[in-house]
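The values are calculated or read from the model by the stated rules, or taken from the named source; none is laboratory data. In this text, all values refer to a predicted model and were calculated from it rather than measured experimentally. No Cβ is skipped: glycine too gets one built from the backbone with ideal geometry, and neighbour counts run over all protein chains shown. Side chains included, ligands, DNA and RNA excluded: accessible areas come from the protein's heavy atoms. Shrake-Rupley method; radii C 1.70, N 1.55, O 1.52, S 1.80 Å.
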Amino acid sequence: MDNMVDCATTLLLAPGVAQIFYGDETGRGLSDARYNVDSAQAFRSDMDWKNINPDYLCHFRRLGKIRRENPVISTGR
């Protein structure tokens, strides 16, 4: 997650549909995948409402506002 800000910027300022998995915008950590059958399940941990990274959230909100106010970003034209 050290590169989450760069990843979010690239994703949300690229043309097309952007999908953000819940918790990415708040810096939600991974679960302990050892207890899951599928290691990808580490990305499906519970939302940690008590440990929200305000810097991540502010950055995602700023990017969302830019994207919403500039439809050319999502349409690519």
Search result, residues across segment 51-77 that are open to solvent by 60 Å² or more (accessible area, probe 1.4 Å), of a type outside the set (V, I, T) and either modelled with pLDDT under 90 or part of a helix (DSSP H, G or I) (or both): N51, P54, D55, C58, R61, R62, K65, R68, E69, P71, R77
Identity of the residue in segment 28-50, among the charged types (D, E, K, R) and surrounded by 11 or more Cβ atoms within 10 Å (Cβ to Cβ), that ends up modelled with the lowest pLDDT: R44
Residues that are open to solvent by less than 90 Å² (accessible area, probe 1.4 Å), assigned to a loop (DSSP other than H, G, I, E, B) and either in contact with a Pro (Cβ under 9 Å, 6 or more places away or on another chain) or within 21 Å of I52 (Cα to Cα) (or both), drawn from segment 2-22: N3, I20, F21
